[in-house]
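What follows is a single structure, written as structure tokens, with notes after it.
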């Protein structure tokens, strides 16, 4: 006769242990309800299979704990990572462009390049009508100083945004290194744990998943699961960032080994960083490969799009791509046009072609002529370009300077020295001026409505001074509003992806509580069964 | 069946509250600042708004120049009116003097008033406006007419003094002012052209009445008198003196009809042009203000309505959140 009493006790003890395991798992799930990246676990209960052939009547062998399942969906994790990368890029762009657009404020409460241009030309028109008035002369100088001040402030603020973007790229690269190091370490632990013991290293996988998501926020990475439980993390060009237990450390440098000339300068006159990998550190000298353009998406990708990327062969900051560079180029082009076109008109054509007696055809209140080509607007470091000094745009950079918008100033300080007069006679032996002559100012005032082509680096645009400023405002506005839309879209799809992931993988307390009740009851029942089994045995014993 | 986890629920609620809060802040700011567009990114019309602002500022500059321009031209109109009075009085005196019933001594008496009229004409030609000679062109240093080489005869007195136009650099240049984009109005006229004829005519008339010839003797020749005129002898030259007086009347008529009257008409035309420009500027700036207003300024009724909606939404989401977050199966177990 088969002893079923033993079976009762056996199965009940097994059931106790199994329900306990489930309750313990529930406790773990509840404990981690707010842990970021935690994937809920489910205990897989299965019927216990008897060893060998039991024969006779098979009542069943009770329950046992099969596996602990991590409820996760690789595709949802992947789309969450992609959404995280998009969100990282869109947010950082929206944030920085938000600060850029404040330089082009439309409220009229702060001086912008546009508003100072208008008041400058108004002052010139006023002086044209009344050239011997010292007050109006001072007014022209004051408005010109406001204009150059606005140009300087705008340009310098854009330049410092670019520097900030560059520095954030440097610190984000360090973050990437720290993340990829931790991922490599977790890779090692997962493959060791799962290879030797055959168990799922759930906690390590959760941690790694979270780190991968954080890594995706910095840059677009592609992640491939390997058979040994590790993941292969690579950049968009296939550069392997993490292989098994190895992480490759990226670096930023302003002096990469592949650069042949001077590295590209930043808008502020500094140098832009490259993201590089030293593939042979043991060689003693640096052997860099350039990864700058291979990092797309994420905060670094977003920052690179703003900051711009310049080829090593190009030393001018205005040859770079990038939103900030394009806007700064427009400001710089306006500054250069003031230094060249405006000054040319101000000095007037050369009245005497023969060296060295060059004579400008404009004169100030005392009949003196400006002697320098940079007679009205000047920039520290710019000197007379020789002869009469009618500067050409090409002369500007000859002095080794690059960013004139950051240093443009007004050369005239004495109101009497403003050359309002112009001798319009053709080639007089000696130009003569009368103090009340405002013809030079009339000619300068006409520049307000003259359309010109501004050309710099890889950018070129046409318009009047104020018109080209307004066009820049439109440009900034479009960049900002599309960044804002992109940020909203990215936030939405991130939220959706996270929501879908949480729908599957996150802990629901209601569910856990219900389970708790269910398994607690089962545990109580199993305990009761042990008592019943014991009583059955007692009955037999008593009969003896 | 959709699973709803705790983290989903809280995040969703927090997100809703944050969004509603942002709306409240946004519309609140619209109401308090009065602007719905503050920065270029707030609208796709940023460049247009900036253009309108420039236009309005520029027109402000033009308008500020209109009033002084108008008063300057009006001032010149007054000068012309006075000049015309002077010439009219001189013509009356000339007809009196040309009457052959009066004696040379009486003619000499008349000449004194004529010289006074001449001096008045010179001071009209040399008049200043805000520190600048009205008819001096760009030459602000010297008056347009000053006493040049005196006549040889007589050796003293008003009849000897000769006024000539001071020909220096810029003294005949006219000035103009920009009163609108690509519209400029001439401010001044050439003093030589306007006044030389009248002053010369008065000179000749005065000298003839006072009893002195002026070379060249043949008006209406407008060539500058060279100062070699000699005295008439009476009674032989009485007839010649009368002819000289009548000749100078021709000069005065010509100054009146060819210079002062056309100049006055021209001033009137320029003044009415200013009025046209003024109303054009007013219209342009008004429409720019209107456009700017509709593009940039917050519609307060709209903003307040939206603010209230946002406020209700925020309150609702806060209330809902407290209900939903408190809902748990735990309370029922």
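Binning the alpha carbon pair distances of segment B:94-198 at 10 angstrom intervals from zero yields the distribution 14, 34, 27, 15, 8, 2, 0, expressed in whole percent. In summary, segment B:192-333 shows an alpha-carbon radius of gyration equal to 2.98 times the 2.2 N^0.38 Å reference for compact globular proteins.
Taking only the C-alpha atoms of segment B:39-126, Rg followed by Dmax gives 27.9, 91 Å.
Below 8 Å, C-alpha to C-alpha, sequence gap of six or more: please give me the relative contact order for chain A in percent.
Details: 922 pairs, mean separation 116.6, N = 544.
After rounding, I find 21 percent.
Spacing of the modelled spin labels on residue A:99 and residue A:520, each 7 Å from Cα toward Cβ, amounts to 5.4 nm.
Taking each pair of different alpha-carbon atoms in segment A:398-544 once, compute 1/r for the pair, average those values, and report the inverse of that mean as the Kirkwood hydrodynamic radius in Å to one decimal.
Numbers: mean 1/r = 0.0386 Å⁻¹.
The answer is 25.9 Å.
Counting, for every residue in B:165-176, the Cβ atoms of other protein chains within 10 Å of its Cβ and taking the mean gives 4. When the P(r) of segment A:24-159 is calculated, the portion above 18 Å amounts to 77% of the C-alpha pairs. Note on A:112-125: average number of Cβ atoms from other chains within 10 Å of each residue's Cβ is 4.
Just report the Cα centroid separation between segment B:14-87 and segment B:264-333, whole Å. The two parts, judged by their Cα centres, are 17 Å apart. Note the angle between two axes, namely the Cα long axis of helix A:465-505 and the longest principal axis of the Cα atoms of chain A, as a number of degrees from 0 to 90, rounded to the nearest 10. The two axes meet at around 0 degrees. For helix B:191-210, what angle does its Cα long axis make with the longest principal axis of chain B, in degrees from 0 to 90 and rounded to 10? The angle comes out near 20 degrees. Over segment B:8-157, the reciprocal of the mean inverse Cα-Cα separation, the Kirkwood hydrodynamic radius, stands at 23.2 Å. Kirkwood hydrodynamic radius computed over segment A:176-324 comes to 16.8 Å, based on all pairs of distinct alpha carbons.
Provide A:176, A:23 in ascending order of the number of other Cβ atoms located within 10 Å of each residue's Cβ, fewest first. Mind dumping the intermediate values first?
On the way: A:176 25, A:23 18.
Ascending Cβ contact count within 10 Å gives the list A:23, A:176.
Can you give the average number of partner chain beta-carbon atoms within 10 Å of each beta-carbon in peptide B:55-65, as a whole number?
Details: counts 2, 2, 9, 9, 2, 3, 8, 2, 0, 3, 6.
Taking the mean over all residues of the peptide, I get 4.
Rounded to whole Å, the principal axis extents of the Cα atoms in chain B read 146, 34, 27, largest first.
Say R0 is 35 Å: what FRET efficiency, to the nearest 0.05, do residue A:258 and residue A:504 get from their beta-carbon distance?
0.15
Sorting A:236-247, A:91-102 by average packing, meaning the other beta carbons within 10 Å per residue, from highest down gives A:91-102, A:236-247. Here the contact order of segment B:42-198, divided by its residue count and restricted to Cα pairs under 8 Å and six or more residues apart, works out to 20 percent.
Our compactness index for segment A:124-194, the C-alpha radius of gyration over the empirical 2.2 N^0.38 Å, is 2.59. Can you list, bin by bin at 20 Å, the percent of alpha carbon pairs in chain A, starting at 0? Final binned percentages: 17, 32, 22, 15, 8, 4, 1, 0. Summed over qualifying helices (DSSP H, 4 residues or more, each -39500 (n - 2.57)) and divided by its residue number, chain A shows a 222 nm mean residue ellipticity of -17500 deg cm²/dmol.
Based on alpha carbons, the Rg and Dmax found for segment B:254-299 are 19.6, 65 Å.
Quick one: which of A:115-128, B:129-142 comes out on top by average Cβ neighbours within 10 Å, and what's the full order, highest first? Show your work: numbers first, answer last.
Details: A:115-128: 24.9, B:129-142: 20.1.
Answer by packing, highest mean first, reads A:115-128, B:129-142.
Extent along the principal axes, Cα only, for segment A:156-234: 61, 17, 14 Å, with the longest axis given first.
Relative to the dominant Cα principal axis of chain B, helix B:104-125 is inclined by about 20°.
Per residue Cα convex hull volume for segment B:89-154, in cubic angstrom? Show your work: numbers first, answer last.
On the way: hull volume 6.9 nm³, N = 66.
About 104 Å³ per residue, rounded to a whole number.
For segment B:120-161, report the % of Cα-Cα distances exceeding 10 Å. Let's see the in-between values first.
Working: 613 of 861 pairs.
That fraction is 71 percent.
Rounded to the nearest angstrom and listed largest first, the equivalent-ellipsoid semi-axes of segment A:474-528 from its Cα gyration tensor are 51, 6, 4.
How large is the helix-only mean residue ellipticity at 222 nm for chain B, computed as the sum of -39500 (n - 2.57) over DSSP H runs with n ≥ 4, divided by its residue count, in deg cm²/dmol to the nearest 500? Mind dumping the intermediate values first?
Values: 7 runs with 203 residues, N = 333.
After summing the helix terms and dividing by residue count, I get -22000 deg cm²/dmol.
Along its three principal directions, the equivalent ellipsoid of segment B:1-47 from the Cα gyration tensor extends over semi-axes of 34, 14, 6 Å, largest first.
Bear in mind that the values in this text are calculations on the coordinates, not laboratory data. Predicted, not measured: the structure shown is a model, and the values here were computed from it. Quick reminder, even Gly has a Cβ in these numbers, built from the backbone with ideal geometry, and neighbours come from all protein chains shown.
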